[in-house]
1. Apply 1/(1 + (r/R0)^6) to the Cβ-Cβ distance of residue 114 and residue 229, taking R0 = 45 Å, and write down the FRET efficiency to the nearest 0.05.
2. Full extension from residue 255 to residue 272: what is 0.36 nm times the residue separation minus their Cα-Cα distance, to one decimal in nm?
3. Sorting 179, 235, 105 by accessible area (1.4 Å probe), largest first, what list results?
4. So which lysines pass the test for residue 270, namely a Cα distance under 23 Å, with those fewer than 8 places away in the same chain ruled out?
5. How large, in percent, is the carbon and sulfur part of the accessible surface of region 125-230 at a probe radius of 1.4 Å?
6. With a probe of 1.4 Å, find how much accessible area region 128-281 has per residue, and write the answer as a whole number in Å².
7. Ordering 71, 65 by accessible area with a probe of 1.4 Å, largest first, what comes out?
8. Could you state how much accessible area residue 253 has, in square angstrom rounded to the nearest 10, with a 1.4 Å probe and all protein chains kept in place?
Amino acid sequence: MRSTAGGTRAWGRVLCAALLLPTSLAGCGTDAGTAPEAADGTGGREETAEHWQPEPGVGWQWQLSGRVDTSVNAPVYDIDGFDQDARTVAALHGEDRKVVCYLSTGAWEDFRPDAEEFPASVRGRSNGWEGERWLDIRRTDVLEPLMETRVEMCAKKGFDAVEPDNMDGYLNDTGFPLTARDQLRYNRLVADLAHRHGMAVGLKNDLPQIPELVDDFDFAVNEQCAQYEECDELTPFVDAGKAVFHAEYELPVADFCPESRELRLSSLLKKYELDVWRQVC
């Protein structure tokens, strides 16, 4: 989900019937145009604290659809928390990868197994994608236990971190009168849930609140900051020694990689489907 204060730009992930991965799956996709990356380290400070913290510039792979290809040469993988199982995570750990659990924490998805546990009162307007609706993040009495169950699922599967999506509803037409204060409270709640279960957590988009949230999150995940000329807004994470996992969809790598290297972003060119294909800077 991509949105900004200048108006809603929701790109979201394409819905798919992702397959659960057997213990060893390799070579089921291409990694077109990429240069080899060292896979013998995770690019982060190991658990001197209670959880992992990736460092600026570490390579990553973001695959939320299709059958996960564990052969892509990247030290960090970001994959769907529901669609993938503990065997997938263990297979990636066996290759010295760190693994991030994708969850939607700010929008309801009718295709998730826990969808019926979200009462109609917390489901707002569509976020632009079939089967998805914004959540009323003010209702932490309802959402906190539901999100804790999801985060606990990631922990039980062995994930190292969580990528919570749809974390900027206050910038969108959700159907609820959400404020920046509501968003700060909710985002910090989500970060606390991940940390409570021993995992790192990333701030997804929500650029205006980076100065207030950089200390609460261990890395950032961003879509299209180069296309919208916003990448310098992510520098507080890099200055704090925290990775920024960044993806573009429409610009050629030649248009954004020079700036990405200068800012020490971990940048990819991806397709909107977020399948195995990627190009790296």
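The values are calculated or read from the model by the stated rules, or taken from the named source; none is laboratory data. Since the structure is predicted, the reported quantities are computational estimates derived from the model, not experimental observations. Every residue, glycine as well, gets a Cβ built from its backbone with ideal geometry; the counts of neighbours run over all protein chains shown. Accessible surface areas use protein heavy atoms only, side chains included; no ligands, DNA or RNA. Shrake-Rupley method; radii C 1.70, N 1.55, O 1.52, S 1.80 Å.
1. After rounding, the FRET efficiency stands at 0.75.
2. Length gained between residue 255 and residue 272: 4.3 nm.
3. My answer, sorted largest first, is 179, 235, 105.
4. 98, 204, 242
5. The nonpolar share, carbon plus sulfur, comes to 44 percent.
6. 37
7. Per-residue accessible area, sorted high to low, gives 71, 65.
8. About 40 Å², rounded to the nearest 10.
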